[in-house]
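The values are calculated or read from the model by the stated rules, or taken from the named source; none is laboratory data. Treat the numbers as computed from the prediction; the structure is a model and nothing was measured. Glycine also receives a Cβ, built like all others from the backbone with ideal geometry; neighbour counts cover every protein chain displayed.
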Amino acid sequence: MSSEAHAVVVVHSTSHAMKITRRLKERGLAWKLVPVPRHISSDCGVCVRILRADVEAVRSAVAELGVEIVGIEEI
Amino acid sequence: MIYLDHAATAFARPPEVRDAMVHFLDRVSANPGRSGHRLSLAAAEVVYEAREAVAELFHAPDPLRVVFGLNGTEAINQALVGLLRPGDHVVTSSLEHNAVMRPLRALEARGVAVTVVRCSPEGLLDPAHIEQALRPETRMIVLNHASNVVGTVLPVAAAGRIARAHGVLLLVDAAQTAGAWPIDVEGDHIDLLAFTGHKSLLGPTGTGGLVIGARVDPGAMQPLKHGGTGSASEHERQPEFLPDRLESGTPNAVGIAGLGAAVRWLLDRGIEAVQEQEAALAVRLIAGLSAIAGVRVYGTEDPARRTATVSFTVAGRSVAEVGYALDESFDILSRVGLHCAPAAHRTIGTFPEGTVRFSLGLFNNADDVDCAVDAVARIAGGSP
Ligand SMILES: Cc1ncc(COP(=O)(O)O)c(C=O)c1O
């Protein structure tokens, strides 16, 4: 799959990524923990890569969890 | 050897605890949450799984609000020093351990007012006395969930209702109950739960933590330590989000791996089953000791209101002599003296000499109890 089809959820902390990926798994949404792409500024080292088509579903799943994220960016 | 000092630190542990620690050291061993590589993520996963297990055990809704630290003492200090300011008032009980009393006395010297509500000589606390002690400037109620001296369980659920009704926070020191007694932070309105990993939770030393409820704003909590968190490194100020705000520096990840495995083991077994098993042994021990002439057992006998920690004295023998004889002549390990809780001993009338304390664990059995009772009977009878 080309990287065009992806977006990343940029998080504040690895623990936050853990909490988010568990919810995505429950929802059957595809995810992978990947290093933060170079052009995006975040220090926590990892972000959650998702399918671009799932961005809205992921956004609402994250909002329900109440985890504050840096943002969701297309890559 | 019969180990009866579980209230200090557990002796036997499920093999899963050691296995998880060995696995972590051999196969994972990277810095959790600092780097993005595969092993760092695996380490972060282990730590997060431990947060989930702890949250499940205490019925806490959010694993991110489980903050790990070194022990119960650090968690209590974090809660007290992190939230109390000069002018605030605190209500606590006369059964507290020095892990609560000493930080409170230190805060008192800095302008925090402290009221110590008296418990009965049996070690029971009437919640109405807590309510009567509240003032307009009361910020927090701090309660031992169970006494490490007499084993009596304090009414935390009633204290939680009082705290909610009056808009104050409830901090519970669960050092003696976590892993041995059901704890429901949501149901009982516990805003801050301090736990230690090395006692009934059956984890290794160097583990413990604080569960922080939704009514506590983490940004308003002063961290005990500031430093690197692997997050928000572009800022020189401490992040405001949990758990990072209160977890500076590389955590005891290998210890947390063991703690997570221990809590998972306890969850599989069921905390009510653990409680029942220990209560049956405690009833047997109390009955046995109470039947010996010259032995006085402290605290309530009611298994619904006590843990498996039993304090007693032997007429005509110092507690030090009894402890020494148990160890040397009977191979039984107990703890004698004041148990870091002078206030509790004043409450039950055993200050300054203290008591002999037998504290049972999940891996003790009826034979251990019978041997211990027999040994005390012989010591009370003048031997050795
Ligand atoms: C009631 C109570 N509170 C706090 C503590 C402190 O726990 P830790 O030794 O893990 O700091 C203990 C145990 O020593 C205890 O029994």
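Looking only at segment A:41-75, residues that are in contact with a Lys or Arg (Cβ under 9 Å, 6 or more places away or on another chain) and surrounded by fewer than 15 Cβ atoms within 10 Å (Cβ to Cβ) come to 2 in all.
Comparison of B:Phe58, B:Phe24 shows that the only residue that is within 20 Å of the chain's Cα centre (by Cα) and of a type in the set (Phe, Trp, Tyr) is B:Phe58.
Hey, can you tell me all the residues within segment B:154-189 that are in a helix (DSSP H, G or I) and either within 17 Å of B:Ala75 (Cβ to Cβ) or among the polar types (S, T, N, Q) (or both)?
Passing the criteria: only B:Val156.
Only one entry of B:Ala50, B:Ala55, B:Ala42, B:Ala20 meets the criterion of being closer than 24 Å to A:His12 by Cβ, buried (at least 23 other Cβ atoms within 10 Å of the Cβ) and either in contact with a Lys or Arg (Cβ under 9 Å, 6 or more places away or on another chain) or more than 13 Å from every other protein chain (Cβ to nearest Cβ) (or both), and that entry is B:Ala50. Counting the residues of segment A:36-71 that are within 20 Å of B:Ser231 (Cβ to Cβ) and more than 14 Å from every other protein chain (Cβ to nearest Cβ) gives 2. The one condition from (1) at pLDDT 95 or above; (2) over 30 Å from B:Asp126 (Cβ atoms); (3) over 21 Å from the mean Cα position of the chain (by Cα); (4) of a type in the set (A, V, I, L, M, F, W, C) that B:Ala287 does not meet is (2). Screening B:Pro61 on (1) without any contact (Cβ under 8 Å) to a residue 12 or more places away in the chain; (2) under 22 Å from B:Gly209 (Cβ atoms); (3) surrounded by fewer than 17 Cβ atoms within 10 Å (Cβ to Cβ); (4) within 14 Å of chain A (Cβ to nearest Cβ) shows it passes everything except condition (1).
Checking each residue in segment B:71-98 for being within 11 Å of the ligand (Cβ to nearest atom), among the polar types (S, T, N, Q) and part of a loop (DSSP other than H, G, I, E, B) picks out only B:Asn71. Checking each residue in segment B:169-212 for being crowded, with 18+ Cβ neighbours inside 10 Å, more than 14 Å from chain A (Cβ to nearest Cβ), in contact (Cβ under 8 Å) with a residue 40 or more places away in the chain and away from the ligand (no atom under 16 Å from the Cβ) picks out B:Leu169, B:Val185. Counted as qualifying within segment A:27-75 are the strands (runs of 3 or more DSSP E) with 1 or more residues that are free of Cβ contacts under 8 Å to residues at least 40 places away in the same chain, namely A:31-35, A:46-51.
Every listed requirement among (1) surrounded by fewer than 13 Cβ atoms within 10 Å (Cβ to Cβ); (2) within 12 Å of chain B (Cβ to nearest Cβ); (3) touching a strand residue (DSSP E or B) at 6+ places or on another chain (Cβ under 8 Å) is met by A:Leu33 save one, (1).
No other residue among B:Val142, B:Val185, B:Val216 is within 25 Å of B:Gly361 (Cβ to Cβ) and hydrophobic (A, V, I, L, M, F, W, C) apart from B:Val185.
Against the numbered list (1) crowded, with 23+ Cβ neighbours inside 10 Å; (2) away from the ligand (no atom under 12 Å from the Cβ), B:Gly228 comes up short only at (1). The criterion of at least 1 residues that are in contact with a strand residue (DSSP E or B) (Cβ under 7 Å, 6 or more places away or on another chain), without any contact (Cβ under 8 Å) to a residue 60 or more places away in the chain and aliphatic (A, V, I, L, M) is met by the following strands (runs of 3 or more DSSP E) wholly inside segment B:296-384: B:335-337, B:355-359.
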